[in-house]
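This report concerns only the one structure given below.
The values are calculated or read from the model by the stated rules, or taken from the named source; none is laboratory data. Everything numeric in this text was worked out from a predicted model, so none of it was measured. All Cβ positions, even for glycine, are placed from backbone atoms using ideal geometry, and neighbour counts span all protein chains on display. Just the protein is used for accessible areas: all its heavy atoms, side chains included, with ligands, DNA and RNA removed. Shrake-Rupley method; radii C 1.70, N 1.55, O 1.52, S 1.80 Å.
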Amino acid sequence: MSHARSMSLTSLARDRSDALASSFATTYAGVVAFIAVVHEGSFARAAERLGIGRSAVSRSVQKLETQLDTRLFLRTTRSTTLTAEGELFYENCRPGVDRIVQSVEEMRELRSGTPRGQLRISATVGFGRKVVAPLLRGFHAQFPDIGLDLMLDDRATDFISDRIDVAFRNGRMDDSQVVAKQLIPMQMLLCASPEYARTHGLPDSIDALAGHACINFRFASGRVFEWEFKVDGAIRKVQPKGAQCFNDADLVLQSVLDGEGIAQMAGYQICEHLRAGRLVPCLAHYAPDDRGHYLCYLSRHHLPLRIRVFVDYMTQHVRQLDLHCLSAVPGAQLRSAA
């Protein structure tokens, strides 16, 4: 194909595209003006409703009539009525216009009406089971028109590909692409069972961990969780030699409760066991204090009502739970430092 021929076809395609865009713009503006005149009964009132001049409404309708090669209105100085063709055109347009109006109203309801719709939630397995899932029953009772879909996964959340509305994340937040609201601090503490402590003692330093049976946690990625401590204001990470290793946080906890060894676990897992005396803390004075449990979503702007009420509800109710492990046992820091 010659260069001139190619240029000619490109120009023709562009002209057709421009004609289509121009036709659509004329039709759209004309249909909006036409529907407004029908609803209001006059060009003047339609102009007021649309917030434009009467002459602009008249021109849009005239262009539409020219495009359709049909007269839509019979106009006199005293009245405006539909022609037979206008009535037919209106009946054909009305379902589409009603659907548009309904869609607009639905969008408004999502922002300010009764909370409803489907909510897709992501959480880590441990926090999701222990904290999030038990609160969903109360939320659903208060907002029965919101459907809930909870996904438990220790992998990083991909809001777009996984179609996630809200995600619960643990640790430190360094993702600037999401809004992250801290629910509570995430306390990490070494614990053992009283039986293990009586039989083997407790480590009195971080280096002493090498002489103890340590229970490790493995992430879904295959990486083994590094224990973290705060020493002289800086984070120190330790990868202990594990006597056992699990990819489920509940199995780590159970192994520690059974007296199999020591593990560093999150406060939400262990606070009730500390209060009941089923676990004893150690090295609490080295517990890191820069982690948190976060509720994350993509944007603050145009946030659907179903997400807003969920964020508010979960923030309030998670904070009402007593999940602070360092306050679970009076004097824990003194005993661990001894």
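Here are a few things to note about the model shown:
- Extreme residue, farthest from residue 292 (Cα to Cα), among residues of the range 302-330 that are open to solvent by 50 Å² or more (accessible area, probe 1.4 Å), at pLDDT 80 or above and in a helix (DSSP H, G or I): 308
- Scope the range 206-230; condition farther than 29 Å from residue 152 by Cα and open to solvent by 40 Å² or more (accessible area, probe 1.4 Å); matching residues: 207, 210, 211, 230
- Residue within the range 230-248 that is outside any strand (DSSP E or B), of a type outside the set (A, V, I, L, M, F, W, C), over 24 Å from residue 125 (Cβ atoms) and in contact (Cβ under 8 Å) with a residue 12 or more places away in the chain present: yes
- Checking each residue in the range 35-85 for being within 20 Å of residue 97 (Cα to Cα) and in contact (Cβ under 8 Å) with a residue 40 or more places away in the chain picks out 35, 37, 38, 67, 82.
- Any hit, the range 192-215, residues being of a type outside the set (Lys, Arg), within 35 Å of the chain's Cα centre (by Cα) and closer than 16 Å to residue 267 by Cα: no
- Within the range 126-143, tally of residues that are open to solvent by 30 Å² or more (accessible area, probe 1.4 Å) and closer than 30 Å to residue 223 by Cα: 4
- For the range 277-298, taking the residues that are farther than 20 Å from residue 318 by Cβ and outside any loop (DSSP other than H, G, I, E, B), the one that is most open to solvent (accessible area, probe 1.4 Å) is identified as 285.
- Checking the stated criteria, residue 256 turns out to be more than 30 Å from residue 161 (Cα to Cα), β-branched (Val, Ile, Thr) and modelled with pLDDT of 90 or more.
Residues checked against (1) of a type outside the set (Val, Ile, Thr); (2) closer than 26 Å to residue 322 by Cα:
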residue	(1), (2)
142	yes, yes
145	yes, no
151	yes, yes
157	no, no
163	yes, no
167	yes, yes
170	yes, yes
187	yes, yes
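- Being closer than 26 Å to residue 222 by Cβ and either touching a strand residue (DSSP E or B) at 6+ places or on another chain (Cβ under 9 Å) or among the charged types (D, E, K, R) (or both) holds for only one residue in 164, 160, 146, and it is 164.
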